[in-house]
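Working notes for the structure below.
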């Protein structure tokens, strides 16, 4: 299995979230339907790991959407999230969820993946915007992680 299969799983997540946000359909039902639609042509993406990862990301984004939006807004203050194109907002939420909740993927890889998705689904300017927002947020997250690693752990007091 290649990393590209996880990209294809992310595509299904984006499509399900887009359908949910624009048509009001249940995102999990849309994701399951999309998995079924691609199952014959792309059995790799419907196998256990990619489909489970996609479902985990989908549920994570849905469950933490407000938290994700609060993390995003300060790094794009001139662009209120409600005014962004739906697909950009979804790609940003997905990437921020991965940055905050999936430490198995390096920050740079998450940003690059989101930029690729923005090229695929967004407008001519989407990739640059997504890149700028996520690079800024990635630096903040990286700095916070480094500070956490450098903080001294408490030691038992001597008696």
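The values are calculated or read from the model by the stated rules, or taken from the named source; none is laboratory data. Keep in mind it's a predicted model, so treat the numbers as computed, not measured. Heads up, the Cβs are rebuilt from the backbone with ideal geometry, glycines too, and the neighbour counts pull from every protein chain shown.
Summary of values
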| item | result |
| --- | --- |
| Single condition residue 40 does not satisfy, out of (1) outside the structural domain of residue 143 (by TED's automatic domain parsing); (2) in a helix (DSSP H, G or I) | (2) |
| Which listed residue, of 46, 83, is loosely packed, with under 15 Cβ neighbours inside 10 Å and either touching a strand residue (DSSP E or B) at 6+ places or on another chain (Cβ under 8 Å) or more than 27 Å from residue 148 (Cα to Cα) (or both) | 83 |
| Breaking point among (1) in a loop (DSSP other than H, G, I, E, B); (2) in contact with a helix residue (DSSP H, G or I) (Cβ under 7 Å, 6 or more places away or on another chain), for residue 78 | (2) |
| Selection from the stretch 112-140 of residues that are in contact (Cβ under 8 Å) with a residue 12 or more places away in the chain and outside any helix (DSSP H, G or I) | 122, 123 |
| Count of the stretch 9-37 residues which are surrounded by fewer than 18 Cβ atoms within 10 Å (Cβ to Cβ), free of Cβ contacts under 8 Å to residues at least 60 places away in the same chain and in a helix (DSSP H, G or I) | 7 |
| Verdict on residue 71 being outside any loop (DSSP other than H, G, I, E, B), in the same structural domain as residue 99 (by TED's automatic domain parsing) and either under 17 Å from the mean Cα position of the chain (by Cα) or within 19 Å of residue 100 (Cα to Cα) (or both) | yes |
